[in-house]
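Below is one structure, written out as structure tokens; comments come after it.
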Amino acid sequence: MNIFKRIFRIGQAEIHSVVEKMEDPIKMTEQGIREMREDLDQSLEAYAKVKALAIRTKNNATKKEEESSEFANKAVLLLQKLQNNELEADKAESLAKEALMLKKQLIAESVELNKQAVVHENSVLELQKNIDVLKFNINKWESELSTLKARVKVSNATKEVNRQMAKIDSNSTISMLERMKEKVEEDEALSQAYGSMALGSKSVTDEIDEALGTHSVDKDLEELKKQLGM
């Protein structure tokens, strides 16, 4: 069972070229993690079955040992009955031999079962190592996926901002603002020029009176009011 091929496939050097061809790396990574989790479930199921088999085999071996001890005791009891003249010699010895043969057979079966139990226990240890590797890789790639998703969000946000900035420039908004600024400055300068012209303009009469030092009647009236305290 090559259940770890997909795990190491993700970590191979070719992953870079594969990712470049992916339409959606996040979805592909999520699919890879789902496959690894399916492998983990299968591994856990296999682990449980093999471990149960190892336990049953070991229990059967122990049971065979106990049964062999019982037949050994029975052989002793049969010979004791012979000594006590409770059984005929032929029958006692025949039954004792049968008990010893069963004892020998049970011991052999127990030894074989213990060997099988060791094989099963080694398989359990190997499966446990594989499960640990699988769990480690799942956690690793889930962490990588979380980082990838965060990077994609930042990348998309940055791309959107840059797109908006590019759109502003393509619409010549900045250039339009610059032209508006120049127009306002021109209008302000023109307004100042008109103001200066208005303050500096004098009629011909005003210029004549100013040259002769002539005061208007209104000024005389104001001076008279001041003298009268009005």
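The values are calculated or read from the model by the stated rules, or taken from the named source; none is laboratory data. Please read all numbers here as calculations on a predicted model, not as lab measurements. Don't worry about glycine lacking a Cβ; one is built from the backbone with ideal geometry, like all the others, and counts go over all protein chains shown.
Residues in segment 64-110 that are closer than 30 Å to ALA54 by Cβ and surrounded by 15 or more Cβ atoms within 10 Å (Cβ to Cβ): LYS64, GLU65, GLU67, SER68, PHE71, ALA72, LEU102, LYS103, LEU106, ILE107, GLU109, SER110.
Name the one entry in ALA108, ALA99 that is modelled with pLDDT of 95 or more, within 27 Å of ASN60 (Cβ to Cβ) and part of a helix (DSSP H, G or I).
Numbers: ALA99 fails: modelled with pLDDT of 95 or more.
It is ALA108.
Could we say that LYS51 is exposed (fewer than 13 other Cβ atoms within 10 Å of the Cβ) and either modelled with pLDDT under 85 or farther than 12 Å from ILE131 by Cα (or both) here? Here the answer is no, as LYS51 does not meet what is asked. The residue of segment 111-152 that is surrounded by the most Cβ atoms within 10 Å (Cβ to Cβ), among those that are more than 30 Å from THR62 (Cα to Cα) and of a type in the set (S, T, N, Q), is ASN137.
GLU144 fulfils the conditions (1) under 30 Å from MET28 (Cβ atoms); (2) among the charged types (D, E, K, R); (3) not in a helix (DSSP H, G or I) except for a single criterion, (3).
So, in segment 70-96, exactly how many residues are free of Cβ contacts under 8 Å to residues at least 24 places away in the same chain and assigned to a helix (DSSP H, G or I)? Can you show your working first?
Narrowing segment 70-96 to residues free of Cβ contacts under 8 Å to residues at least 24 places away in the same chain: 70, 73, 76-96.
With the extra rule that they be assigned to a helix (DSSP H, G or I), the set shrinks to 70, 73, 76-83, 89-96.
Residues that pass the stated criteria total 18.
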